[in-house]
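Read-outs throughout are calculated quantities, based only on the coordinates presented, and are distinct from any laboratory measurement. All values reported here derive from a predicted model rather than from experimental measurement. Please note: Cβ atoms are built from the backbone with ideal geometry, for glycine as well, and neighbour counts cover all protein chains shown.
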């Protein structure tokens, strides 16, 4: 049994992207891009963006294609190798720098280096020390710069176990905030949060929360998204309502956007 997130991602790097090629994850990514895009710096030439825990480079590549310079950092060498191949195929080597680094210890970078710092795809949930990770993300971001983080939603996991009448696991999810990510060949802990907990962690690190998002909220059951018209209608609902405070907290995952004071 693999015991860490890094080991899992090294083992599955080659086929990682294929596992997220479905309507559910496409909506998830559409929601993500909807809150990342307004955070992009105005100047492309003078700005630098960090994609922390960026894996195979989904967001680094998308942003670099717009003309920005991006640093893609991840602890998994396997994921970075997969990213490197994609970056070469897109001829973006001059736009994207690859760095092997732990999100909980970004010592490679000086304080206040980046105009925008991303931690998407739940690297804060899957790292060894999420509190330290958010501290590091804030440290390397410039004053006035944005930080976006997505994590596993504690309430969604608790509700999942309640529906299965597993009250012990539901209580554990709420009290301990840790869920085991399990599969055929791996098991590693995922740190879960509520929106309020994530907002408090941001404020502790001088990041002013400006938006919270549930992602997705309505995109289940997934099979009904195979209909193109349904997909487009659900996506519109997500864009309209998933950042409302009364809705965001029930998303499959949750995300927060903060601005450094």
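With contacts taken as Cα pairs under 8 Å at a separation of at least 6 residues, the chain carries a relative contact order of 20 percent. DSSP finds beta bridges in segment 5-260, and of those with both partners inside it, around 50 percent are antiparallel. Here r is the Cβ-Cβ distance between residue 97 and residue 25 and R0 is 41 Å; the resulting FRET efficiency, rounded to 0.05, is 0.95.
Axis angle, to the nearest 10 degrees, between helix 23-36 and the longest C-alpha principal axis of the chain: 50 degrees. List the residues of segment 13-47 whose backbone N lies under 11 Å from a point placed 7 Å from the Cα of residue 211 along the Cα-to-Cβ direction. Within reach of a label on residue 211: 31-40. Measure nothing but the geometry: give the 0 to 90° angle between the long axis through the Cα atoms of 130-139 and the longest principal axis through the Cα atoms of the chain, rounded to 10°. Roughly 30 degrees between the two axes. Separation of segment 11-77 and segment 224-254, taken as the distance between their Cα centroids, equals 20 angstrom. Compared with the dominant Cα axis of the chain, that is its longest principal axis, helix 228-241 is turned about 80°. Does segment 103-151 classify as rounded, prolate or oblate by the C-alpha gyration tensor (a ≥ b ≥ c root eigenvalues; a/c under 1.5 gives rounded; else a/b over b/c gives prolate, otherwise oblate)? Oblate.
Result for the chain in a Gaussian network model with C-alpha springs under 10 Å: among 175, 194, 148, the largest mean-square fluctuation is at 175.
What does DSSP give for segment 8-149 in terms of the percent of beta bridges that are antiparallel, rounded to the nearest 5?
Bridges in segment 8-149 are about 5 percent antiparallel.
Each DSSP beta bridge with both residues in segment 111-261 is either parallel or antiparallel, and the antiparallel ones are about 75%. Pairwise Cα separations in segment 5-260 fall into 5 Å bins from 0 onward with the following percentages, short to long: 1, 6, 13, 17, 20, 19, 14, 7, 2, 1, 0.
Calculated from the alpha-carbon coordinates, segment 163-261 shows an Rg and a Dmax of 16.1, 44 Å respectively. When 164, 79 are arranged by Cβ crowding within 10 Å, least crowded first, meaning fewest neighbours, the order is 164, 79.
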